[in-house]
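Presented below is the structure to which this report refers.
The values are calculated or read from the model by the stated rules, or taken from the named source; none is laboratory data. Because the structure is predicted, anything quoted here is derived from the model rather than measured. Here the Cβ positions follow ideal geometry from the backbone for every residue, glycine too, while neighbour counts run over all protein chains shown.
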Amino acid sequence: MIGDLERGRTLAGYCSQEQKFVYIFWPYEQKAPEPVRVWDAKTGATLELYKCPDDDGLFLPITDVTQIKYCPRCHHEGVEAEPYANAD
Ligand SMILES: [Zn+2]
């Protein structure tokens, strides 16, 4: 449930404060939420973080679930994630 849906767009990520996956959704006719931008000195990339819908934590959106390589809770390598489509 990441990306463009029938009625709007969604972003998902992991809230480290709550230790759970979260997502935000906004209809196409509404302006997208404004991210907090931070520069990552290790890669030189500018990361866009979004506010968690449940608390004041931030999350980094997962753009492709197959890129998840580590469990966010135990940090062990080898997480298997499969993308799926949700027709809503
Ligand atoms: Zn949260």
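Say whether the condition of being modelled with pLDDT of 95 or more, exposed (fewer than 15 other Cβ atoms within 10 Å of the Cβ) and either more than 15 Å from the chain's Cα centre (by Cα) or in a loop (DSSP other than H, G, I, E, B) (or both) is met by at least one residue in segment 58-76.
Scanning segment 58-76 turns up no residue that is modelled with pLDDT of 95 or more, exposed (fewer than 15 other Cβ atoms within 10 Å of the Cβ) and either more than 15 Å from the chain's Cα centre (by Cα) or in a loop (DSSP other than H, G, I, E, B) (or both).
Could you tell me whether segment 33-45 includes any residue that is exposed (fewer than 12 other Cβ atoms within 10 Å of the Cβ), of a type in the set (Ser, Thr, Tyr) and modelled with pLDDT of 80 or more?
Among the residues of segment 33-45, at least one is exposed (fewer than 12 other Cβ atoms within 10 Å of the Cβ), of a type in the set (Ser, Thr, Tyr) and modelled with pLDDT of 80 or more, which makes the answer yes.
Give me the pairs, please: first residue somewhere in segment 22-39 and free of Cβ contacts under 8 Å to residues at least 40 places away in the same chain and within 13 Å of Lys51 (Cα to Cα), second residue anywhere and of a type in the set (S, T, N, Q) and assigned to a strand (DSSP E or B), beta-carbon distance under 7 Å, and either six or more positions apart or on two chains.
Tyr23/Thr10; Ile24/Thr10; Phe25/Thr10; Arg37/Thr46
For (1) more than 10 Å from the ligand (Cβ to nearest atom); (2) under 15 Å from Pro72 (Cβ atoms); (3) in a loop (DSSP other than H, G, I, E, B), each residue gets a yes or a no:
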| position | (1), (2), (3) |
| --- | --- |
| Leu11 | yes, no, no |
| Gln17 | no, yes, yes |
| Lys31 | yes, no, yes |
| Arg37 | yes, no, no |
| Gly44 | yes, no, yes |
| Tyr50 | yes, no, no |
| Asp56 | no, no, yes |
